[in-house]
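The structure appears right after this line, and notes come after that.
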Amino acid sequence: MDESTAFMRDDATLAVFDSGQGLPVLFQHGLGGDEAQVAQTFPMGKARRITVECRGHGASALGDIKPFSFRMFAEDVLAAATDRGFDRFVAGGISMGAAIALYLAHHYPDRVAALILVRPAWTFTAAPANLEPVRTVAALLRSDSIGEAKERFAGSEIGMRIRANAPDNFASLLGYFDRPKAVAFASVLADIAADGTGVTQAQAAALTVPTLIIGNERDAIHPLACARTLADTITDARFVEVAPKAADKARHFAEVQDAIATFLKSKTIRSLFPS
């Protein structure tokens, strides 16, 4: 199976991608990402994967309901998964997608059988400091013309620091200025970067589902410390450190895909979904 369809959800039409066969996996993109980002990260042919492009991302509409939140995005993707017959599944994602998966694991424990958290950027607090660059981009998009906003960010202290220490993050942040409807998307950036999963450290520690957590160094938006904190908190979580994208993109994606594939084919995961 490999198809893309539209899913009606309240006030928005969402794009849903359904590919592969086998284990049911709901796997979400990061903030500003889309299906292409997931396809680059998730190992092809290792499961039946559903990805919903969140409101304002990819081909999905922004909708009229505000503010944007993890609860909104999580309930959108859960509704789409239910529509596709995913009653119990592996939940995972990249950055924002990892936060959505964590939200689902806590708030819908009967639905989530296992977790895959790739380059998490949120742990247990709202508006984490590592998301300040995203909030800065959103504020500039709202106050200046797009060209001026981009120039101001690139020349700012925070922009120059990220450019020097995490060039891959810097390129992604500049990409927010170049996307279609960038000013409208600033609301998504501001709201999500100021939000949290609503999962406390104690609640995360109470999770008992098999969990894979993937992190890397040289990443200002997704600090390795976030991944390690989650790995130290969630019971029996497996932690894998991969090559930074900033150092070697090809190696980074190969190692992420290998870690996910190994996790999905483990006896622990297979036992959760008997044929």
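The values are calculated or read from the model by the stated rules, or taken from the named source; none is laboratory data. Bear in mind the structure is a predicted one, so any value in this text is a computation, not a measurement. Backbone-built Cβ (ideal geometry, glycine too); neighbour counts: all protein chains shown. Accessible surface areas use protein heavy atoms only, side chains included; no ligands, DNA or RNA. Shrake-Rupley method; radii C 1.70, N 1.55, O 1.52, S 1.80 Å.
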Can you pull out the residues in the range 125-154 that are free of Cβ contacts under 8 Å to residues at least 40 places away in the same chain, hydrophobic (A, V, I, L, M, F, W, C), out of contact with any Phe, Trp or Tyr (no Cβ under 7 Å at 6 or more places or on another chain) and open to solvent by less than 60 Å² (accessible area, probe 1.4 Å)?
Phe153, Ala154
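Do we have any residue at all in the range 200-209 that's open to solvent by less than 50 Å² (accessible area, probe 1.4 Å) and not in a loop (DSSP other than H, G, I, E, B)? Can you show your working first?
The initial filter retains those residues of the range 200-209 that are open to solvent by less than 50 Å² (accessible area, probe 1.4 Å), namely 204-205, 207, 209.
After this cut, where a residue has to be not in a loop (DSSP other than H, G, I, E, B) as well, the list is 204-205.
Scanning the range 200-209 turns up at least one residue that is open to solvent by less than 50 Å² (accessible area, probe 1.4 Å) and not in a loop (DSSP other than H, G, I, E, B).
Those residues that are surrounded by 17 or more Cβ atoms within 10 Å (Cβ to Cβ) and either of a type outside the set (Lys, Arg) or over 17 Å from the mean Cα position of the chain (by Cα) (or both), I need them from the range 241-252; list them, please. Break it down stepwise before answering.
Taking the range 241-252 first, the residues surrounded by 17 or more Cβ atoms within 10 Å (Cβ to Cβ) are 242-246, 252.
Scanning the range 241-252 gives Val242, Ala243, Pro244, Ala246, His252.
Residue-by-condition table, conditions (1) in a helix (DSSP H, G or I); (2) touching a helix residue (DSSP H, G or I) at 6+ places or on another chain (Cβ under 6 Å):
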{"residue": "Met44", "(1), (2)": "no, no"}
{"residue": "Gly56", "(1), (2)": "no, yes"}
{"residue": "Gly63", "(1), (2)": "no, no"}
{"residue": "Thr82", "(1), (2)": "yes, no"}
{"residue": "Pro109", "(1), (2)": "no, no"}
{"residue": "Leu115", "(1), (2)": "no, yes"}
{"residue": "Pro120", "(1), (2)": "no, yes"}
{"residue": "Thr123", "(1), (2)": "no, yes"}
{"residue": "Ala139", "(1), (2)": "yes, no"}
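Determine whether Ala182 is out of contact with any His (no Cβ under 9 Å at 6 or more places or on another chain), under 23 Å from Met72 (Cβ atoms) and in contact (Cβ under 8 Å) with a residue 12 or more places away in the chain. Can you show your working first?
Working: out of contact with any His (no Cβ under 9 Å at 6 or more places or on another chain): yes; under 23 Å from Met72 (Cβ atoms): yes; in contact (Cβ under 8 Å) with a residue 12 or more places away in the chain: yes.
Answer is yes for this residue.
Filter the range 1-34 down to the residues that are among the charged types (D, E, K, R) and surrounded by 20 or more Cβ atoms within 10 Å (Cβ to Cβ) and list them by number.
Within the range 1-34, the subset among the charged types (D, E, K, R) is 2-3, 9-11, 18, 34.
Hit for the range 1-34 is Arg9, nothing else.
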Return a yes/no flag: does the range 216-226 have any residue that is in contact with a strand residue (DSSP E or B) (Cβ under 9 Å, 6 or more places away or on another chain), in a helix (DSSP H, G or I), open to solvent by less than 30 Å² (accessible area, probe 1.4 Å) and aliphatic (A, V, I, L, M).
yes
I'm checking my understanding of the structure. Among residues of the range 65-80 that are out of contact with any helix residue (DSSP H, G or I) (no Cβ under 7 Å at 6 or more places or on another chain) and surrounded by 17 or more Cβ atoms within 10 Å (Cβ to Cβ), which one is nearest to Arg270 (Cα to Cα)?
Ala80
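Would you say Gly85 is modelled with pLDDT under 95 and more than 20 Å from the chain's Cα centre (by Cα)?
Details: modelled with pLDDT under 95: yes; more than 20 Å from the chain's Cα centre (by Cα): yes.
Against the criterion (modelled with pLDDT under 95 and more than 20 Å from the chain's Cα centre (by Cα)), Gly85 qualifies.
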